[in-house]
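Enquirer: First, the structure itself, so that you have it in front of you.
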Amino acid sequence: MTDTTENTTDSADGATGGDTAATDTPSTGTAGTGAPAGDGSRAPSRRALIGWGGAGLALGAAVAGGAVAVARPGEDTGDTVTAAGGPIAFHGTHQAGIATPVQDRLHFAAFDVETDDREAFVAMLKDWTEAARRMTAGKAVGDGAYGGLAEAPPDDTGEALGLKPSRLTLTLGFGPSLFERFGLAKQRPEALVDLPQFAGDNLDRARSGGDLCVQACADDPQVAVHAIRNLARIGFGKVSVRWSQLGFGKTSSTTPEAQTPRNLMGFKDGTRNIAGTETARLKKHVWVDEKDGPSWMAGGSYLVARRIRMHIEPWDRTSLQEQEDIFGRDKGEGAPVGKAKERDKPFLKAMKPDAHVRLAHPDSNDGATILRRGYSFTDGTDGLGRLDAGLFFLAYQRDVRKGFIPIQRNLATDALNEYIQHVGSAIFAVPPGVRDADDWWGRALFSSTTEG
Amino acid sequence: MRPLRLSFVTAATTVAALTAVTGCTEKSSAGADGVIAVTATDTKCEVSKKEFPAGHVELDIENKGSKVTEVYLLFPDDRVVTERENIGPGTKQKVTAEVKAGDYRIACKPGMKGDGIRQDVTATGSGKVAKRDPRLDEAVASYRKYVQTQADETIPLVKVFADAVKDGDVEAAKKAYAPSRIGWERTEPVAESFGDIDPKVDVREDGLEEGQDPEKDWTGWHRLERSLWKDGKLTDRDSELADQLVKDLVDWQKRVGKAEITPTSMANGAKELLDEVATGKVTGEEERYSHTDLVDFKANVEGAEESYKLLKAVAAENDPELTKELDKQFTALNTLLDKYRADKTGYDFVSYDKVGEAEQNKLSDAVNALAEPLSQLAAAVVK
């Protein structure tokens, strides 16, 4: 389950060209996703960027993009700025932070609504949108962190001053419990189901659920934390943080030219994740279509968040052979059993029946495919001398009933289950993107209903 | 409880900074223009002039009444510029001060009681201090009175507590403990501005400085709290501590009127009271043995609300949205707190160790919901 996403090695894999598919199709890069800031109008505003020359930017891009990017440098200026810590466009058809190339760091927060006042809640969503618009562009919230009235606390908390925009994305979602409020019951999407109890779940209520969520991803952890902190501050009295999770290392990639990052078990996982450039797969598996309904969700997606604790110490005492058998891959390259390269098409029958890749693969799940965006976490130790660590699993999909749920059910017999435990769980309807300066998070939802 | 905050500054500092030193040392004798004859009787307070040049001022006081009197030169918000007490019938006294241009009051207090008989006077000259909204002066004056009243009313309650301790009556002392703290908790930011009092009366064991011995150097309410609830017995040392607590709080009562209070410090003090709640009470750290945290909690909120009410008229003009939100959040928090006491007029709250984690969360959320807009009050007042 760490990797429900083996599944992403779906049929499209073959279509892009068999064995070396991913590495062959690199460098449309991220330009086509709509996520990165291709528009020159949105100049990065944090001071640190000023004075960077073009050469510096290109170099930054090469480092960030890995070998493939080096081979084709400077192909897309907008993209290279982004790679160097620049901004990601906030406005778009879809929210940024889903198909966007995965950033290095995460701060994820789930909120509960405290107010019964629909107007006050809508006003907060508008304030959040404005703050997000500014922060993702590398600007301070409101009137900034200094220079205002000496008698008042500054609007912005200040710790991101002087830092680059760092490709910050802020992605908002609505939990099932929100629809019990504000007369929204009829607008609850059918696909926003309450997740069933899965085998082995040991969920902590305090780390599960939530009326709202915000996923903050950035290449600089302080930029991500700053964003959540400032949104929480704006929200006081209207919403309160229910739980939050920091993630320090991405465990998946939506850029096919990049190597798949390793999880804390030391394995590559989800090697054939949906890429930000794969418009057809995104449309098929990730974005909610207009005909799916409800209309306010068109262009949105559904997010499943699971806090998966890993039993790190027992895992580390497991023999290499067993580790590789459990995953169905070799540890060094990450290649499926009997194959040479990490993105080679796996031959499932060569694996043990309870191997993780075999069970999570789309071929074992009627083609079910999700977009993974998880992060490794370590929240210190647990008082018994064990790391409190694991995978904060994030998966986006068009319909969880055809995505996460069947895959997770199929993982009931996963050999990996001996070493992991799901301890937190949440599901959110992620509305479409904020279109322009007059639009705001949730407008379509709240405009389509009235109180009552 | 916490380290000294700066919202309120004690009189000693401000007088020097703002108005120069007062007192009767004759630095340079005031020019004829700067001398004001003050004739005090039992019913009148006559001044020879109502306008005088800013700078060195001398009040030539004569008590023609039958009672001992006091004469004050006051700022419009009742802060003392200078004063002379114990002026006997038929005697004369002089008092001098350096004053900036602006409005002042001279007050005579026959019998040394009450607000006194007052005369408005003006120091003329350039560089006149911008005149403050008179409603804010009134707010500060009212708050000053509130702070003094809280101290005055605390003393007898502390004596009840101290007597019970000295009688060795653990149950009676436990009962008197929380009520004796209410006045202090309501005005804590002002009380804390006297840096030396707070560490004597309200420090917790974890607040002791390095090298301080908890058995020898720890004094005040929380030391007695530990004896009563944790040790469950009272010793001779506790009797000494009880006497010391009364003495230190009488010192507070005498000095608290001299704290500099401004509209801004009132607003920030209100916010600090909520900070006290957020960092000490919601967590149950403040009253770790007695678990009477909710009494302190309520008193902190009441003190904050008093400042807010006094400043509200001006704040509502400058930022009506803010006062609307503050009204709402004060009500919400008070409503929530009421769930933890049967008698809405009393201070008999549920013991905090009986308040579950989920409920503590709710209290914390309500405090945050109020404290965030409250942090905007100072700006709304000075806009």
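Enquirer: Enumerate the amide H contacts of A:Gly249 below 5 Å, restricted to partners 5 or more residues apart or on another chain; note that Pro and chain-start residues carry no placed amide H.
Expert: For A:Gly249, whose amide H was placed from the backbone, the distant partners under 5 Å are A:Ser376.
Enquirer: Ok, one more. Read phi for every residue in segment A:93-102 and hand back ³J(HN,Hα) as whole Hz from Karplus 6.51 cos²θ - 1.76 cosθ + 1.60, θ = phi - 60°, with x for Gly and Pro.
Expert: Per residue, the Karplus-derived 3J(HN,Hα) values read 5, 10, 5, 6, x, 10, 7, 4, x, 5 Hz.
Enquirer: If I histogram all Cα-Cα distances within chain B using bins 20 Å wide from 0, what percent of pairs lands in each bin?
Expert: Binned Cα distances yield the sequence 26, 50, 23, 1.
Enquirer: Distance cut-off 20 Å, Cα to Cα: go down the list B:Lys254/B:Lys312; B:Lys309/B:Lys383; B:Lys67/B:Lys145; B:Lys254/B:Lys309 and report the pairs above it.
Expert: Too far apart for the 20 Å limit: B:Lys254/B:Lys312; B:Lys67/B:Lys145; B:Lys254/B:Lys309.
Enquirer: Quick query: amide H of A:Ile370 versus all other amide H atoms, modeled in the peptide plane; which residues come in under 5 Å with a sequence gap of 5 or more or a different chain?
Expert: Amide H neighbours of A:Ile370, under 5 Å, 5+ apart: A:Thr8.
Enquirer: So if R0 is 35 Å, what FRET efficiency would B:Asp343 and A:Gln222 give, r being the distance between their Cβ atoms, rounded to the nearest 0.05?
Expert: 0.10
Enquirer: If neighbour count is taken as other Cβ atoms inside 10 Å, put B:Glu286, B:Glu70 in order from fewest to most.
Expert: B:Glu70, B:Glu286
Enquirer: Also, quick follow-up: Applying the Karplus parametrisation 6.51 cos²θ - 1.76 cosθ + 1.60 with θ = phi - 60° to the phi angles of segment A:395-407, what ³J(HN,Hα) value in whole Hz is obtained for each residue in order, glycine and proline being reported as x?
Expert: For segment A:395-407, the Karplus-derived couplings read 9, 9, 7, 6, 8, 5, 5, 10, x, 4, 4, x, 5 Hz, x marking Gly and Pro.
Enquirer: Below 8 Å, C-alpha to C-alpha, sequence gap of six or more: please give me the relative contact order for segment B:138-250 in percent.
Expert: It rounds to 31 percent for segment B:138-250.
Enquirer: What's the average, rounded to a whole number, of partner chain beta-carbon atoms within 10 Å of each residue's beta-carbon in B:323-336?
Expert: 1
Enquirer: If contacts are Cα pairs under 8 angstrom and at least 6 residues apart, what is the relative contact order of segment B:314-383 in percent?
Expert: 50 percent
Enquirer: While we're looking at this one, here's another question. Can you give the helix-only mean residue ellipticity at 222 nm for chain B, where every DSSP H stretch with n ≥ 4 adds -39500 (n - 2.57) and the sum goes over all residues, rounded to the nearest 500 deg cm²/dmol?
Expert: That comes out to -14500 deg cm²/dmol.
Enquirer: Moving on to the next point. How big is the charge dipole of chain B about its Cα centre, in debye rounded to the nearest 20, if each Lys and Arg gets +1 on its Cβ and each Asp and Glu gets -1 on its Cβ?
Expert: Taking the Cα centre of chain B as origin, the dipole is about 1360 debye.
Enquirer: Running a GNM on chain B with Cα contacts under 10 Å, which residue among B:Lys49, B:Lys113, B:Lys145 ends up with the highest mean-square fluctuation?
Expert: Ranking B:Lys49, B:Lys113, B:Lys145 by mean-square fluctuation puts B:Lys113 first.
Enquirer: Tell me the net charge near B:Ile106. Cut-off is 10 Å between Cβ atoms, B:Ile106 excluded, with +1 for each Lys or Arg and -1 for each Asp or Glu.
Expert: +1
Enquirer: I would also like to ask the following. Given charges of +1 on the Cβ of Lys and Arg and -1 on the Cβ of Asp and Glu, with all other atoms neutral, how large is the dipole of segment A:175-310 about its Cα centre, in debye to the nearest 20?
Expert: 280 debye
Enquirer: Which peptide among A:376-386, A:246-256, B:148-158 comes first, and what is the full order, when sorted by highest mean count of other Cβ atoms within 10 Å?
Expert: Ranked by mean Cβ neighbours within 10 Å, highest first: A:246-256, B:148-158, A:376-386.
Enquirer: Using amide H atoms built 1.01 Å from N in the peptide plane, name the residues 5+ places from A:Asp269, or on other chains, whose amide H lies under 5 Å from its own.
Expert: Under 5 Å from the amide H of A:Asp269 lie the amide H atoms of A:Asn263, each far enough along the sequence or on another chain.
Enquirer: I'd like the mean, over residues of B:356-367, of how many other protein chain beta carbons sit within 10 Å of each residue's own Cβ.
Expert: Mean shielding count: 2.
Enquirer: Could you rank the peptides A:121-127, A:211-217, B:209-215 by their average count of other C-beta atoms within 10 Å per residue, with the highest value first?
Expert: A:211-217, A:121-127, B:209-215
Enquirer: Across segment A:292-297, in residue order, what do the Karplus-derived ³J(HN,Hα) couplings come to in whole Hz, using 6.51 cos²θ - 1.76 cosθ + 1.60 with θ = phi - 60° and x for Gly and Pro?
Expert: 6, x, x, 4, 5, 8
Enquirer: Further, regarding this structure: Where Lys and Arg each count +1 and Asp and Glu each count -1, what net charge lies around A:Lys283 among other residues with Cβ under 10 Å from its Cβ?
Expert: Spelling it out: positives minus negatives among the neighbours equals +1.
Enquirer: If you take the beta carbon distance between B:Lys362 and A:Lys186 as r and set R0 to 30 Å, what does 1/(1 + (r/R0)^6) give as a FRET efficiency, to the nearest 0.05?
Expert: Once rounded, the FRET efficiency stands at 0.55.
Enquirer: When ranked by the protection proxy of mean other Cβ atoms within 10 Å per residue, highest first, what sequence do the peptides B:375-382, B:249-256 form?
Expert: B:375-382, B:249-256
Enquirer: Right, next: Let me test this: with uniform point scatterers at the alpha carbons of segment A:115-170, what is the Debye-based log₁₀ I(q)/I(0) at q = 0.12, 0.24, 0.29 1/Å?
Expert: Results for segment A:115-170 at q = 0.12, 0.24, 0.29 Å⁻¹ read -0.35, -0.94, -1.09.
Enquirer: Still on this structure, I have one more. If we count every other residue with Cβ under 13 angstrom of A:Leu303's Cβ, Lys/Arg +1 and Asp/Glu -1, where does the sum land?
Expert: Residues near A:Leu303 contribute +3 overall.
Throughout, read-outs are computed from the coordinates displayed, never taken from laboratory work. The structure displayed is predicted, hence computed values, not measured ones. So basically every Cβ, Gly included, is an ideal-geometry build from the backbone, and we count neighbours across all protein chains shown.
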